[in-house]
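**Q** What follows is a single structure, and I will ask about it in a moment.
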Amino acid sequence: MARPHVIPTGIERQFGDEEIIVSKTDTKGIITYANRVFERVSGYSQHELLGQPHNLIRHPDMPRCVFALLWSQIMSGGEIFAYVVNMSRNGDHYWVFAHVTPSFDDAGKIVGYHSNRRVPERKAVDAVIPIYKALCAKEAAGLDPHAGMIAAAELLKTVLEGQKVCYDEFVFSL
């Protein structure tokens with residue numbers, strides 16, 4: 001299934017505080033497992049999710065530089081916590097507090113990634129929205145997508161340095 005062209009509706013979906021959205025991917029980000037909460041909130045069936053790139057649910061208001069940071073962390077064997085806005089099949093959006101970790105085989109080689117996503121604190125989402133808007137604007141202002149992402153990553157680095165925190169500390173401070 002090719003990634004469908006979905007237009008954001010501006011409507012926010014909710015899921016329960018006690019629920020966890022879970023997915024697993026291979027090393028290239030292709031979905032190998034999706035739990036029922038993920039299916040319900042995203043609006044995709046398991047059949048439609050499995051074998052697809054995880055960016056199937058990427059919302060255009062989510063800065064690419066944050067995903068670049070995420071991939072850098074997990075590909076090097078680390079974990080990351082992040083606030084992420086995703087887009088469901090019909091264009092509704094939903095915010096998550098994501099914890100993404102690599103999965104290792106017995107020899108210590110990364111064989112995939114595991115993500116658990118919970119309902120975020122509303123005050124954290126409200127705090128991150130203007131930052132993400134600024135990062136997306138910086139990405140869009142680039143001469144090309146790559147240059148825009150690099151400029152946005154520098155802006156994020158400046159914000160973090162100004163607060164004297166690393167990304168994870170920033171996320172937990174919200």
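**Q** For the range 124-157, enumerate the residues that are open to solvent by 50 Å² or more (accessible area, probe 1.4 Å), under 13 Å from C65 (Cα atoms) and not acidic (D, E).
**A** Once the filter is applied, which keeps residues that are open to solvent by 50 Å² or more (accessible area, probe 1.4 Å), under 13 Å from C65 (Cα atoms) and not acidic (D, E), the range 124-157 yields K133, A137, K138, A140, P145, H146, I150, L155, K157.
**Q** Here's a follow-up. In the range 81-109, what count of residues is obtained for those that are without any contact (Cβ under 8 Å) to a residue 12 or more places away in the chain and among the small types (G, A, S)?
**A** Going through the range 81-109 one residue at a time, the tally reaches 2.
**Q** To continue, here is another question. For T27, are the conditions met, namely being part of a loop (DSSP other than H, G, I, E, B), among the polar types (S, T, N, Q) and touching a strand residue (DSSP E or B) at 6+ places or on another chain (Cβ under 9 Å)?
**A** Answer is yes for this residue.
**Q** Also, I was wondering about something else. Under 6 Å by Cβ, and 6 or more places apart or on different chains, what pairs join a residue from the range 6-26 that is farther than 22 Å from F104 by Cβ with one that is assigned to a loop (DSSP other than H, G, I, E, B) and charged (D, E, K, R)?
**A** The qualifying pairs are T9/D92; I11/D92; R13/D92.
**Q** Suppose we filter the range 67-109 for residues that are aliphatic (A, V, I, L, M), crowded, with 16+ Cβ neighbours inside 10 Å and over 21 Å from G10 (Cβ atoms); how many remain?
**A** Going through the range 67-109 one residue at a time, the tally reaches 7.
**Q** Let me ask something else. Please indicate, with yes or no, whether at least one residue in the range 44-61 is part of a helix (DSSP H, G or I) and among the polar types (S, T, N, Q).
**A** Yes, some residue in the range 44-61 is part of a helix (DSSP H, G or I) and among the polar types (S, T, N, Q).
**Q** Out of all the residues in the range 8-20, is one or more modelled with pLDDT of 95 or more and part of a strand (DSSP E or B)?
**A** Yes, some residue in the range 8-20 is modelled with pLDDT of 95 or more and part of a strand (DSSP E or B).
**Q** Any chance the range 115-128 includes a residue that's outside any helix (DSSP H, G or I), under 18 Å from the mean Cα position of the chain (by Cα) and of a type in the set (G, A, S)?
**A** Yes, some residue in the range 115-128 is outside any helix (DSSP H, G or I), under 18 Å from the mean Cα position of the chain (by Cα) and of a type in the set (G, A, S).
**Q** When you look at G112, is it open to solvent by less than 20 Å² (accessible area, probe 1.4 Å), under 21 Å from I21 (Cα atoms), outside any strand (DSSP E or B) and in contact (Cβ under 8 Å) with a residue 24 or more places away in the chain, yes or no?
**A** No.
**Q** I'd like to know if the range 12-23 contains one or more residues that are open to solvent by less than 30 Å² (accessible area, probe 1.4 Å) and touching a Leu at 6+ places or on another chain (Cβ under 9 Å).
**A** Looking for residues that are open to solvent by less than 30 Å² (accessible area, probe 1.4 Å) and touching a Leu at 6+ places or on another chain (Cβ under 9 Å), one finds at least one in the range 12-23, hence yes.
**Q** If I filter the range 28-59 down to residues being among the polar types (S, T, N, Q) and open to solvent by 60 Å² or more (accessible area, probe 1.4 Å), which single residue comes out as nearest to V119 (Cα to Cα)?
**A** Result: N55.
**Q** Another question, if that's okay. Within the range 62-80, track down each residue that is without any contact (Cβ under 8 Å) to a residue 40 or more places away in the chain and either of a type in the set (S, T, Y) or in a strand (DSSP E or B) (or both).
**A** The answer is S72, S76.
The values are calculated or read from the model by the stated rules, or taken from the named source; none is laboratory data. Since the model is a prediction, treat every value here as computed from it, not as a measurement. FYI the Cβ positions are ideal-geometry reconstructions off the backbone, even for glycines, and counts take in every protein chain you see. Surface areas here come from the heavy atoms of the whole protein model, side chains and all, with no ligands, DNA or RNA. Shrake-Rupley method; radii C 1.70, N 1.55, O 1.52, S 1.80 Å.
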